[in-house]
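A.B. asks: Here it is, the structure in full.
Any read-out appearing in this document is the output of simple, stated calculations on the displayed coordinates, not a laboratory observation. Please read these numbers as outputs of a predicted model, since none were measured by experiment. We place every Cβ from the backbone using ideal geometry, glycine too, and count neighbours over all the protein chains shown.
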Amino acid sequence: MSLANCIKNNSFLKKIFVPLGNAYANAAGYRRLGLRYDDIIAEESDTVREALRRLPEKEAYDRAYRLRVAMQCSLSHTELPKSGWTKPEDDIRYLQPIIDDVERECAERARFDTLKPSRN
């Protein structure tokens, strides 16, 4: 069991770590620009590029819009008004599940590529 699942399943730990996680995310500042956490994942790796290619059209459009708004805010040295900030309940992981799928597929492909035939 991973640490994240352990925290999610234990109500005491959840009461401690969820507010800490939200405070950290708010301190990071990306929510004040209208971004989600997955919007700030670097696009340099082939895995992330493939995951971005697999995004549904609407999600890809929404992501591009959020990035353009954030870039404009950055250029003008301003933040969005509070009504434009990303709320914690809206900051869902939309890209990470696709990245995980791509990584699993690559690992499976690598396993099949390295198989050695045996005679029985």
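A.B. asks: Could you check the simple spin-label distance between Ala42 and Asn22, using points 7 Å along Cα→Cβ, in nm with one decimal?
C.D. replies: 3.1 nm
A.B. asks: Please give the net charge around Tyr37, taking every other residue with its beta carbon less than 10 angstrom from that of Tyr37, where Lys and Arg add +1 and Asp and Glu add -1. Let's see the in-between values first.
C.D. replies: Numbers: positive: Arg31, Arg36, Arg93; negative: Asp38, Asp39, Asp91.
Its environment carries a net charge of 0.
A.B. asks: Another one. What aspartates and glutamates does Lys116 reach when the alpha-carbon gap must be under 17 Å and sequence neighbours fewer than 8 apart in one chain are set aside?
C.D. replies: Partners found: Glu108.
A.B. asks: Between Cys106 and Ser74, what FRET efficiency comes out of the Förster formula 1/(1 + (r/R0)^6) with R0 = 41 Å and r the beta carbon distance, rounded to 0.05? Write out the running numbers ahead of the final one.
C.D. replies: On the way: r = 33 Å, r/R0 = 0.81.
Once the sixth-power term is evaluated, E becomes 0.80.
A.B. asks: Still on this structure: For a quick check of your reading of the filter: which GluC sites (Glu not before Pro) in segment 24-86 sit in a DSSP loop and have no more than 10 other Cβ atoms within 10 Å?
C.D. replies: Numbers: sites: Glu43, Glu44, Glu50, Glu57, Glu59, Glu79; in loops: Glu43, Glu44, Glu79.
Here the GluC sites (Glu not before Pro) that fit, given the DSSP loop and packing criteria, are Glu43, Glu44.
A.B. asks: Where Lys and Arg each count +1 and Asp and Glu each count -1, what net charge lies around Arg63 among other residues with Cβ under 14 Å from its Cβ? Walk me through the intermediate numbers first.
C.D. replies: Working: positive: Arg36, Arg49, Arg53, Arg54, Lys58, Arg66, Arg68, Arg93; negative: Asp38, Asp39, Glu43, Glu57, Glu59, Asp62, Asp90, Asp91.
So the environment of Arg63 carries a net charge of 0.
A.B. asks: What order do you get for 61-70, 108-117 when each peptide is scored by the mean count of other beta carbon atoms within 10 Å, highest first?
C.D. replies: On the way: 61-70: 14.2, 108-117: 7.5.
Top to bottom by mean Cβ count within 10 Å: 61-70, 108-117.
A.B. asks: Moving to a separate point now. What is the magnitude of the charge dipole of the chain about its Cα centre, with +1 placed on the Cβ of each Lys and Arg, -1 on the Cβ of each Asp and Glu, and no other charges, expressed in debye to the nearest 20? Intermediate results must be reported in sequence, preceding the final value.
C.D. replies: Working: 21 positive and 19 negative charges, 67 e Å.
Once rounded to the nearest 20, the dipole reads 320 debye.
A.B. asks: Using 0.36 nm times the number of residues separating Ser2 and Gln96, minus their current alpha carbon distance, what extension gain do you get?
C.D. replies: On the way: separation 94, 0.36 × 94 = 33.84 nm, distance 1.64 nm.
Length gained, Ser2 through Gln96: 32.2 nm.
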